[in-house]
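Heads up: the structure comes next, in structure tokens.
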Amino acid sequence: MASVAESEFPLASRRRRRFTRQRIGRVLAPYALLAPAATAIGVILGYPLYLLVKMSFEKYGLFELIRHKGRWIGTANYAHILHDGEFWRVLARTVVFTAVTVTLTMVLGTAMALLLLQVSRWLRVAITTGLVLVWSVPVIVAVDIWRWMVDYEFGVANWTLTKLHIGNFIRHDWFANPWTGFGVITALIVWGAIPFITITVYAGLAQVPQELLEAAAIDGAKPWAVFREVTLPLLMPIFVILTSLSIIWDFQVFQQIWVMLDFRPTSDYYTMAIYAFHQSFQISEYGLGAAIAVVMVLFMFGATLVYLRQMLRTGEVQ
Amino acid sequence: MKARFLVAAVLAAMLAVAATTASGGTSRTQADKIVVWLQNDAQNGWPEAVALANSNFKAQHPGVTVDVQYQSWGNHLQKLDAGLAGGDAPDVIELGNSEMTKYMAAGAFKTLTQSAFPNNKTWLQGLKSSCQYNGKLYGVPYYAGARAVIYRKDQYKGAGITSTPKSLAQFMADGKKLMKKYGKDSGYSAIYFPGKYWYAAMSFVYDFGGQIAVRKGGSWKGTLNSPQALAGLNQVARIAKTLTRASRTTDEANPQQALVFAKGKVGSFIGNGWEWPYALDEKLGDPALAPVVGAYPMPSHTPGKIMPGFLGGSDLAVPVTTKNQALAVDWIKAFTSTAAESEIAKAGNIANTTKLLAFNASNPKLAPFARAAKSSWFVPTSPNWANVENANVLQNMLVSIFTGRASVKAAANSASSQITRILNTGA
Amino acid sequence: MSSVTQIAPTPVAPVAPRGRGRRRRTRQLGWNLLGLLVLAVMVFPVYWMVATAFKPGQQILSYTPHWVPTNPTLSNFRDAIHQPFFWNAVKNSLIVVSAVVALSVVLAFLASLALAKFHFYGRKAFIVLILGVQMVPLAALIIPLYILMSRLGQIDKLTGVIAMYLTFVLPFTVWTMRGFLLGIPKELEEAAMVDGATRFGAFVRVLLPLVGPGLVATSIFAFIQAWNEFIIAYVFLHTPAKQTLMVWLASFTTLRGTDWGPLMAGATLCALPVVVFFLLVQRRIAFGLTAGAVRG
């Protein structure tokens, strides 16, 4: 009974390499296994992605939208955005924002995972449960909570900061200045992202063999040195992946800013995703919006090149 | 056998995907149902009018159900755009009057025959013109809202103000008195005026004879930096500096200004008719304030006159994608009938016809708003105007002025050039 | 890297570094205090949501915050539940989430089997594809997606939304599952077969239990994504009776401002199922995610 199933076990099939139905099965099996997922992605995303790229080479405004037909204008959309000072400002802002948010997320998330190792067991359970609570709050809800906490008139944040004598924050307007405004948004995003990072890193730490740590400690290494010399290299793959995913997620940040600023962020708050949305839905230049999206994807490919290469390399090894 | 198991599993999964992606396919638009998108104001404010229209429509077309789906202002156009792109926008849609021109110009709506609709001879001129493009009618006026100053009678008396102001100068002077008497509380505002409240701010511009933009020989020019407009903006800047402690970066809806007013630290605010009862709301407002709240139209800088207010409002239109135009028109007729419009007026709005203005004038709680409605301004009627609103040009300018990040003149210059650029794009 | 990859997928409870006597106890106390502080800061926003949900309207809009709802009321919850279409939204969300979780787990398992256990032409391309897919900003995809969905007759249908969610969660889930399959030591598979089990039997008895945590981790991810998504549900589902909980939640913000009490009550209700689901499978999560990640 030649089977497709058996070829999942490379060891078994390696034993008898014959030119039989087994071999054919072995060649076709992965494609059969991949087919459902690939079909789903291909059908649902493939055609829209093709439309998106096509749109980016077209004049596609409200007029064209209603008639379901764009007008080919070559690379004019790309030329337009690349010559637009606004685009470069938004790109720079998004890059800085992503860098700050991802760094804070990773550092604080890892620090909390290390802290989990140090606290008593009951507290570890409490903190993990707390993290799970935070994780389970939907993004939209999280934005509403934070918006409510920093509310200008009735926010608990202003009141508390004033009572703590950090300054007079009564009627402090966090969003009057884009720096403090982005501070609040960054806090919100980091707060929401920490549970995923902490729990993952903690689980990674749990897999670091104790013998290695003890050996290093016996050799007289300080805790920080142990972390740097032993733990960090072991956890490197996790860090690379978490960082790459965080970059992908934070670079596209939309909902948090959009809802926090009442669906009408002023242009100081534009990030790439909001800029693309603005050009598409608000200015009705869907072609421009599509071009911005394409540029965004290319940019992110560049930013996550390290991860990509590592992924492909491990792909080869195994 | 194992092979069969795996193949079967793969097949089942593929079928599941195929089923989820390709099942169905029946068209939504059947002649036994029409879909209407109204904003959720109707849901909360005047459900009676909707019910009345539906029952009248039902009597006329017994076999047709009306599916009213409520939308929110924040992102309803996003949904409309998607519907237009996919060819399945609703049969009737409500649009804000300043959102109309862009869609009319792009050919998103069916043309309508004016004589077919109730009260078409007495439609409010301001709303009617927002429904017309190149001499054709694409929408039906639905309702309008006018703003007036809602104020605390007791605080005015306490500050020694004996009568409501009859000129802008007096309004400012009264504001100073209020600040002197109550302003020691660092949260007190003589007038609650948040930074992004551009409808209210632009009224000052129009009062001094300025305009947002003018059309000259086929092209537009932003004119917020004209001397008249600057005179108006300077008044707004003075209010921001001396009379208000409202947020410089939020608008009138968040936090809702009537509810802030209800907290007692606000002498007055510029609000819609419905915001008066809302401030007295049992759960969120303060019912105890009922005897001490009043309203008066915002006075002009010309003594004795009224400052023109933004004629905000909504229109109803029929998207080109509909297959039920006749039914859609019949529903609009039922919804804009005199009876239904009376219900809408009762909820604190201005009805779409001048015939019902007397209706509001006889109610003391609506009369100041009805008087204010007589003098109004409207946004430039360019297909690109919606883009100016969506690019937040006016809000950005006001926030710069309120926060002191730019001088009035610099902020107005920058806004004017942006408006010129946006309005002339693609023209 | 390889040393981590070799570790058998058995989570070892981390051991606190050993110290001696009183010094150790004071240090422990210090860490615990820090831990409590961190816990308080992290949980406060969630607490504030729940506390607000139990406060009467006058206490919510107050210049001096009420830390604890002194006159707790259920009226916000009543208002939220009586908001039209609440139960429809609950039902729809449950349908969407269970369909997405079930389908994504099955499809991801099959695909990851191919990626983890086979070498084939186009493998790298697929790997780059599933990463690249996550980079496309959703806001720009809405119109193209809508055009496709309306051609397939999937507008205003839960099936359409399920299909879209499925494709958005698949890349991540395939990747996580692949990590699990890679982590299963070949010796275990061999041992099972030496014991005389058939290959299929080995698959069921050995592979499946080991993949269990991966399935859990994957389903959690799919669960959260599908439960929390807003834009797609908002744009693609028109009929109020067909909308999901997140869209229902958005109806609390109107022109009349945000109705904070019922909104926070509604938000609490929406977060509840996720918390329950999480706590049920919590022990598995942490391990699940890492195993996937370590082998990325």
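Points worth noting:
- Residue match in segment C:83-93 (condition: free of Cβ contacts under 8 Å to residues at least 60 places away in the same chain and in contact with a Phe, Trp or Tyr (Cβ under 7 Å, 6 or more places away or on another chain)): no
- Any chance residue C:98 is within 17 Å of the chain's Cα centre (by Cα) and either surrounded by fewer than 24 Cβ atoms within 10 Å (Cβ to Cβ) or farther than 28 Å from residue C:210 by Cα (or both): yes
- Enumeration of residues in segment C:237-259 that are modelled with pLDDT of 85 or more and either buried (at least 22 other Cβ atoms within 10 Å of the Cβ) or not basic (Lys, Arg) (or both): C:237, C:238, C:239, C:240, C:241, C:243, C:244, C:245, C:246, C:247, C:248, C:249
- When residues of segment C:212-234 are limited to those that are of a type in the set (A, V, I, L, M), farther than 14 Å from residue C:169 by Cβ and surrounded by fewer than 24 Cβ atoms within 10 Å (Cβ to Cβ), the one nearest to the other protein chains (Cβ to nearest Cβ): C:231
- Any pair with Cβ under 8 angstrom, 6 or more apart, that starts in segment A:27-56 at a residue that is β-branched (Val, Ile, Thr) and ends at one that is outside any helix (DSSP H, G or I) and at pLDDT below 90: A:27/C:120
- Residue C:80 being within 14 Å of chain B (Cβ to nearest Cβ), in a helix (DSSP H, G or I) and either hydrophobic (A, V, I, L, M, F, W, C) or surrounded by 20 or more Cβ atoms within 10 Å (Cβ to Cβ) (or both): yes
- Within segment B:278-300, not a single residue is of a type in the set (S, T, N, Q), at pLDDT below 95 and in contact with a helix residue (DSSP H, G or I) (Cβ under 8 Å, 6 or more places away or on another chain).
- The residue that is modelled with the lowest pLDDT, among those in segment C:13-35 that are part of a helix (DSSP H, G or I) and at the interface with chain A (Cβ under 7 Å from one of its Cβ atoms), is C:28.
- Annotation note: Cβ proximity below 6 Å between a residue of segment A:155-177 that is away from chain C (no Cβ under 14 Å) and a residue that is surrounded by 19 or more Cβ atoms within 10 Å (Cβ to Cβ) and assigned to a loop (DSSP other than H, G, I, E, B) (sequence gap 6+ or interchain) occurs for A:173/A:152; A:173/B:247; A:173/B:248; A:173/B:249; A:174/A:150; A:175/B:249; A:176/B:248; A:176/B:249.
- Some residue of segment C:244-254 being hydrophobic (A, V, I, L, M, F, W, C) and more than 14 Å from chain B (Cβ to nearest Cβ): yes
- In summary, helices (runs of 4 or more DSSP H) completely within segment B:207-308 and bearing 1 or more residues that are within 19 Å of residue C:63 (Cβ to Cβ) and not hydrophobic (A, V, I, L, M, F, W, C) occur at B:257-262.
- For residue B:101, the requirement of being touching a Leu at 6+ places or on another chain (Cβ under 7 Å) and of a type in the set (Ser, Thr, Tyr) is not met.
- Just one residue in the set B:361, B:373, B:351 is modelled with pLDDT under 90, away from chain A (no Cβ under 14 Å) and surrounded by 16 or more Cβ atoms within 10 Å (Cβ to Cβ); that residue is B:373.
- Of the residues making up segment B:90-134, those that are within 25 Å of residue A:67 (Cβ to Cβ) and among the small types (Gly, Ala, Ser) are B:96, B:98, B:105, B:106, B:107, B:108, B:130.
- Residue count, segment A:192-230 (criterion: in contact with a helix residue (DSSP H, G or I) (Cβ under 7 Å, 6 or more places away or on another chain) and either at pLDDT 85 or above or part of a helix (DSSP H, G or I) (or both)): 21
- Which listed residue is buried (at least 20 other Cβ atoms within 10 Å of the Cβ) and polar (S, T, N, Q), from B:325, B:256: B:256
- Residues that are among the β-branched types (Val, Ile, Thr) and farther than 13 Å from residue A:239 by Cβ within segment A:100-116 comprise A:100, A:101, listed in sequence order.
- Residues satisfying the stated conditions in segment B:259-288, i.e. of a type in the set (A, V, I, L, M) and either surrounded by fewer than 17 Cβ atoms within 10 Å (Cβ to Cβ) or free of Cβ contacts under 8 Å to residues at least 24 places away in the same chain (or both): B:280, B:288
- Of everything listed in (1) touching a helix residue (DSSP H, G or I) at 6+ places or on another chain (Cβ under 8 Å); (2) surrounded by fewer than 22 Cβ atoms within 10 Å (Cβ to Cβ); (3) part of a helix (DSSP H, G or I); (4) of a type in the set (Gly, Ala, Ser), the single unmet condition for residue A:99 is (1).
- Only residues that are of a type in the set (D, E, K, R) and either surrounded by 13 or more Cβ atoms within 10 Å (Cβ to Cβ) or not assigned by TED's automatic domain parsing to the domain that holds residue A:114 (or both) were counted in segment A:211-228, giving 1.
- Single residue of C:131, C:166, C:170, C:148 found to be within 20 Å of residue A:298 (Cα to Cα) and either part of a helix (DSSP H, G or I) or within 13 Å of chain B (Cβ to nearest Cβ) (or both): C:131
- Take the conditions (1) aromatic (Phe, Trp, Tyr); (2) within 30 Å of residue A:238 (Cβ to Cβ); (3) modelled with pLDDT under 95; residue A:97 misses just one of them, which is (3).
- Residue ranges of helices (runs of 4 or more DSSP H) in segment B:354-427 with at least 3 members under 23 Å from residue B:240 (Cα atoms): B:393-403, B:408-424
- Annotation: residue B:314 fulfils all but one of (1) under 17 Å from the mean Cα position of the chain (by Cα); (2) more than 14 Å from chain C (Cβ to nearest Cβ); the unmet one is (2).
- Segment A:91-138, residues that are away from every other protein chain (no Cβ under 13 Å) and among the small types (Gly, Ala, Ser): A:92, A:99
- Meeting the requirement of 2 or more residues that are closer than 27 Å to residue B:308 by Cβ, the helices (runs of 4 or more DSSP H) wholly within segment B:67-183 are B:100-105, B:125-130, B:153-158, B:168-182.
- For segment C:111-128, residues that are more than 7 Å from every other protein chain (Cβ to nearest Cβ) and under 24 Å from the mean Cα position of the chain (by Cα) total 3.
The values are calculated or read from the model by the stated rules, or taken from the named source; none is laboratory data. Just so you know, these numbers come straight off a predicted model, no measurement behind them. Cβ coordinates were reconstructed from backbone atoms using ideal geometry, including for glycine residues, and neighbour counts include every protein chain displayed.
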